[in-house]
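The values are calculated or read from the model by the stated rules, or taken from the named source; none is laboratory data. As the structure is a computational prediction, the values presented were derived from the model and not from experiment. Positions of Cβ are backbone-derived with ideal geometry, glycine not excepted, and every protein chain shown enters the neighbour counts.
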Amino acid sequence: MANIYKFRDWENDYHKKVIDEQLFFCSSISNFNDPFDSTIPIDYAGLTPEEKIEAVENHVTNNYPEVLGPERLKLIEKVFQESAIDNPEELKKNHEEVVILKIENEIGILSFAGNREHILMWSHYANSHKGFCVGFNKEELKKSIRPLLKTEGKLLKLYDVEYQKSYPKINPLKITPEEYFSLPLTIKSNVWGYENEVRLIFKDGANETLKIEKELFQDITLGCRMSEDHQKEILEIVNSEFDGLPVYNAKLSDDEFSLTFDKVQ
């Protein structure tokens, strides 16, 4: 079964909590290095007039199911007139000033990489190969995520990120309610495709920490440039706090631009 990985920097005291306390930081999108990341708007502007009315009807049905008959028709008309759905400039302004701000303030994202082999992952996210990465079994983590937060309604889901060349047009009438929320957060430019990213996404989790139990840790890999002192520090914690957790050392391949991994214990 496939593993996913979190890359960290042992010289950063906050990152040490990943091993010391099994705590992981759930970032707000405001911390991301890609300005396109999680800012994709739902494409209301591309809808026909009939589709715009349908979108408003769906909104009323989903948010006001108790309103029926003539009152429902009045509410649909009111929402349509008061919304920005028929004004492209207002839609854009609303997305930038309301929707993006809400995502920044409320949504927490914990990102994992799909492999530990790619040298750019170590360069970008593990202090130029002086850091480490922690591996998790993807399916086991997926089974365990609901009790992790212990707050009903706060946890969303583990998602595979999709990579595309063009900026996607997301039609609100052709996606599920879950996709309405998740797609803007899980579609990125294909220039990031080497990351094979998997995201754990939480409501009300922006800039908060998440504890992942020791039993879910699959392994720890030390960067090829990590100092001996830092290696010893990590091994001492692993031997004290974890039960037989495998530890690997990354090494430069002898004949190509790649990494190999030797088991330390």
Residue within the stretch 181-195 that is in a loop (DSSP other than H, G, I, E, B), surrounded by 15 or more Cβ atoms within 10 Å (Cβ to Cβ), touching a residue at least 24 places away in the same chain (Cβ under 8 Å) and of a type in the set (A, V, I, L, M, F, W, C) present: no
Any hit, the stretch 114-124, residues being in contact with a helix residue (DSSP H, G or I) (Cβ under 7 Å, 6 or more places away or on another chain) and assigned to a helix (DSSP H, G or I): yes
Members of the stretch 73-113 found to be outside any loop (DSSP other than H, G, I, E, B), out of contact with any Cys (no Cβ under 6 Å at 6 or more places or on another chain) and among the small types (G, A, S), listed by number: S111, A113
Condition broken by L101, with the remaining ones in (1) within 20 Å of the chain's Cα centre (by Cα); (2) modelled with pLDDT of 95 or more satisfied: (2)
Hits in the stretch 2-14 (condition: under 17 Å from L200 (Cβ atoms) and either surrounded by fewer than 19 Cβ atoms within 10 Å (Cβ to Cβ) or out of contact with any helix residue (DSSP H, G or I) (no Cβ under 6 Å at 6 or more places or on another chain) (or both)): A2, N3, Y5, K6
Hey, V238 over 22 Å from N62 (Cβ atoms) and either in contact with a helix residue (DSSP H, G or I) (Cβ under 8 Å, 6 or more places away or on another chain) or surrounded by 14 or more Cβ atoms within 10 Å (Cβ to Cβ) (or both) or not: yes
Of all residues making up the stretch 3-47, the number that are at pLDDT 90 or above, part of a loop (DSSP other than H, G, I, E, B) and out of contact with any Asp or Glu (no Cβ under 6 Å at 6 or more places or on another chain): 16
